[in-house]
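The values are calculated or read from the model by the stated rules, or taken from the named source; none is laboratory data. Being a predicted model, the structure only gives us computed values, none of them experimental. A quick note on method: Cβ atoms are made from the backbone with ideal geometry, for glycine too, and the neighbour counts reach across all protein chains shown. Accessible surface areas use protein heavy atoms only, side chains included; no ligands, DNA or RNA. Shrake-Rupley method; radii C 1.70, N 1.55, O 1.52, S 1.80 Å.
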Amino acid sequence: MGNVVCYFFTFFIEAVILWQYSSNLFIARRKSYIRFIMLIIFYLIMFAISLLEHKWLNMTLYFAINFIFLFTQYDLKWYSALFHSAVIAAVMGMCELTVYSTIERFSPHFLAKSKQFYNMIIFIIFSKMIFFIIIYILIHLFKEQQVQNQKHDKSVLLLIFIPMTSVFIMLTLVSVSDAFLLSSHLKGMVTLSAFFLLISNLFVFGINQHNQKKNMEFTQMQLLLQKESNSTEYYEMLRLQNENQRILIHDIKKHLHSIDMLNKQKEHDKIDAYLNHLIRSSDLKESARLCEHEMLNSILCRYAQQCTNSHIAFHADIRNGTIDFIADNDLTSLFCNLLDNAVKAAEGIPQAFIEISTVKKVKTTFTVLTVINSCRTNPFTTKNGNLTISIPHSHKHGFGLKSIRKTVAKYNGNMQIYYNADTRTFHTIITLKRLF
């Protein structure tokens, strides 16, 4: 009966580890409850066959069932499923051999009674704890190699300290059990302690996964709100433009009368000025369309309107296909912070302008983003022998430049900024690398 409980506990932990591994790395083909049911069925089959106590059969079946589960439940090619099944099986076997060798070195008497229920439970928990640590590390290593819109958070690797501490405690418990003759009551307490250690680790990582999911949902919600805000302002701009066009059309007869009167008076210069003023009027623009990317177009239109209100000339040249690889949240952070800084620098300057452009380097995976804006004074200062950029009210606005640098680093890019004193312009040149 003791062996049956131990085997059941072993396959339960291995099923949990496989679920964590697959759900974190792969795109599911089936719904969660279907995958959960299939996992239970597969591991119940392995549990039933494991009672025959044939090691090679168990190992082969473990590899085969993991392969079938990954291949049928996730969007994987057969060779990818085969590779990951081999990795999991190899890691599990390595962990059991490592624990066996470690216990043999420190507690030889413990292994002499390895078939006892107490010793089996300790061995299982010890080996599965190490198995869990290595699989957790592999999850994050494989995630870094995957192409994702959001950069992987490496800080969660600090959680490895928890299972590593648990493994040390487990080794201490094994050594104490081997050195001293424990009563059955104390053995039961040690077994429960080991069990609670493992459950605590599973809870910690489960809660961490839950928090990551909630944070991702929150980020997506913020992104949707940003999109909605930009779209609202964009369509409000279109509405105002259409309204202004209708007003201009309504007044066109009056304008023609005025031009006719100037013509009769032979005021040709005034007629030219009048016509130029009408032709250049923003009310005659066909549409507020600055680029083909919907999200970026909304952002550019919003800042174009701000520039119009502040009497700043705004020009955008966004080439097609140059920024499609940038995630919407990164796009918002990058362009909004760049344009915020540009507008602040150019405000109040006669004949101020802002130019923003993106081009793709020929035969490379790099996109070059350039922003040139009017700037009254040189923002660079020398502090402690180092060249720094001073930002007014830096406690409020300094985070913008940090956000830009963070986004640039995320796309393996670099940023160059300099001030041209002759033209009184501030230049920002950013190179971004397409991640896929």
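Quick look at the numbers
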{"quantity": "From the options Ala15, Ala48, Ala86, residue that is out of contact with any Phe, Trp or Tyr (no Cβ under 9 Å at 6 or more places or on another chain), among the small types (Gly, Ala, Ser) and assigned to a helix (DSSP H, G or I)", "calculated": "Ala48"}
{"quantity": "Residues located in segment 301-320, provided they are open to solvent by less than 40 Å² (accessible area, probe 1.4 Å), out of contact with any helix residue (DSSP H, G or I) (no Cβ under 6 Å at 6 or more places or on another chain) and in a strand (DSSP E or B)", "calculated": "Ile318"}
{"quantity": "All positions within segment 296-330 that are hydrophobic (A, V, I, L, M, F, W, C), over 27 Å from Lys433 (Cβ atoms) and at pLDDT 90 or above", "calculated": "Cys307, Ile312, Ala313, Phe314"}
{"quantity": "Leu18 being surrounded by 18 or more Cβ atoms within 10 Å (Cβ to Cβ), touching a residue at least 12 places away in the same chain (Cβ under 8 Å) and touching a helix residue (DSSP H, G or I) at 6+ places or on another chain (Cβ under 6 Å)", "calculated": "no"}
{"quantity": "Residue match in segment 35-50 (condition: open to solvent by 60 Å² or more (accessible area, probe 1.4 Å), without any contact (Cβ under 8 Å) to a residue 60 or more places away in the chain and either among the basic types (Lys, Arg) or in contact with a Gly (Cβ under 7 Å, 6 or more places away or on another chain) (or both))", "calculated": "no"}
{"quantity": "Residue identified as modelled with pLDDT of 90 or more and either closer than 20 Å to Ile135 by Cα or open to solvent by 80 Å² or more (accessible area, probe 1.4 Å) (or both) among Phe9, Phe63, Phe71, Phe106", "calculated": "Phe71"}
{"quantity": "Yes/no for Leu76 being at pLDDT 85 or above and over 20 Å from Ser127 (Cα atoms)", "calculated": "no"}
